[in-house]
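See below for the structure under consideration.
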Amino acid sequence: MAQVAQSANGTKSEPIPGLAWKSLTGFILAYVCYGAFYVAKGGVNFTGDGEVARIVFFHVPIAVLSYITYVVAWVYAIKHLRAPSRLDLDRKSGVAMEIGFLFCILATITGSIFAGAQWNSYWNWDSRETSIVIMLLLYGAYLALRSAIEDPTKRGRLSAVYVLIAIVPATFLIWVAPRITASFHPPDVLAKPKNTSADYKAVLYPSFIGFTMLFVWMFQLRCRVLELTERRKAKRIV
C-alpha cells in the first residue's frame, strides 16, 4: 500500500509506490544476513568447520538470477520485435541485461572467494567458473552493442535479435555444460531438498525470495530513471 510522505514545510509529497513490498524486501534481506551467521549452522563437507558454506546464501541466488535476468530480457526482446514501435519494451530488455551483468559480476566474485577458501585457489577454470566467464562476455558484448548504436529503432531491433540468439549458449553454459563435464562443485547438493538441513532451508529459501524481490525493485527503479531521462532529453529537443 502506498504511503504519503510529508515534507518539513508541511506539504504532502507524492505517495511512495510499492512501499509495503519494498519494506518486506529489506526485511527479508536483513533476515538473510542475520540468518547466514546466526541461524544456519556450518555446512557439512566444507573446510573451516563448514563456515565457508555461509557464502552459499548469497552466491547461489545471485548466480541463478544472473540467468533469470537474461530470460526476462529475452521475453521483452520478443515483445519488442512483435511491436517495434514500443521502445519501452526495448528499454526494459536492456535494463534486465544491465542488472544481469551486475549479478554475473557479483556471482563471479563471491564464487571466487568461496573457491579460495574451499579449494585454496581463487580460480580453477572449473566448468561452472568457465561458464560464468563466458556469460560475462555475452552480457558485455550486448552492452557494447547497445552503446555503439545511436538510432533507437535500429538499436532495439539488433539488441533484441542478439538476446534471442545468445540465450541458446547461455542456457547451455549454465544448465547443461556443468552437468556433462567434471566439476569441483558438488552435484545436486542444493537441487534436492533432502541434501540440505532445516536450518539451511530456513535461510536459503528466503534468500532466493529476497534477492528476486530486489531484482524486481532494481528493475523498476532503473526503468523509471531511463524513462525520466528520455523525457527530459525530448523536452530539450523541443
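The values are calculated or read from the model by the stated rules, or taken from the named source; none is laboratory data. No experiment lies behind these values; they were computed from the predicted model shown. Quick reminder, even Gly has a Cβ in these numbers, built from the backbone with ideal geometry, and neighbours come from all protein chains shown.
For the stretch 68-121, give me each residue that is surrounded by fewer than 17 Cβ atoms within 10 Å (Cβ to Cβ), among the basic types (Lys, Arg) and modelled with pLDDT of 95 or more.
Listed by number, the residues that qualify are Lys79, Arg82.
Output the qualifying pairs, or none if there are none: Cβ atoms under 9 angstrom, residues six or more apart or on different chains, first residue in the stretch 70-84 and closer than 27 Å to Ile132 by Cα and touching a residue at least 60 places away in the same chain (Cβ under 8 Å), second residue among the aromatic types (Phe, Trp, Tyr) and in a helix (DSSP H, G or I).
Here the result reads Tyr70/Tyr139; Val72/Phe215; Val72/Phe219; Ala73/Tyr142; Ala77/Tyr162, each pair linking the stretch 70-84 to a residue that is among the aromatic types (Phe, Trp, Tyr) and in a helix (DSSP H, G or I).
Checking the conditions here, which among Lys235, Lys201 is among the charged types (D, E, K, R) and exposed (fewer than 12 other Cβ atoms within 10 Å of the Cβ)?
Lys235
Any residue that is modelled with pLDDT of 80 or more and within 20 Å of the chain's Cα centre (by Cα) - is there at least one of those in the stretch 184-202?
No; the residues of the stretch 184-202 include none that is modelled with pLDDT of 80 or more and within 20 Å of the chain's Cα centre (by Cα).
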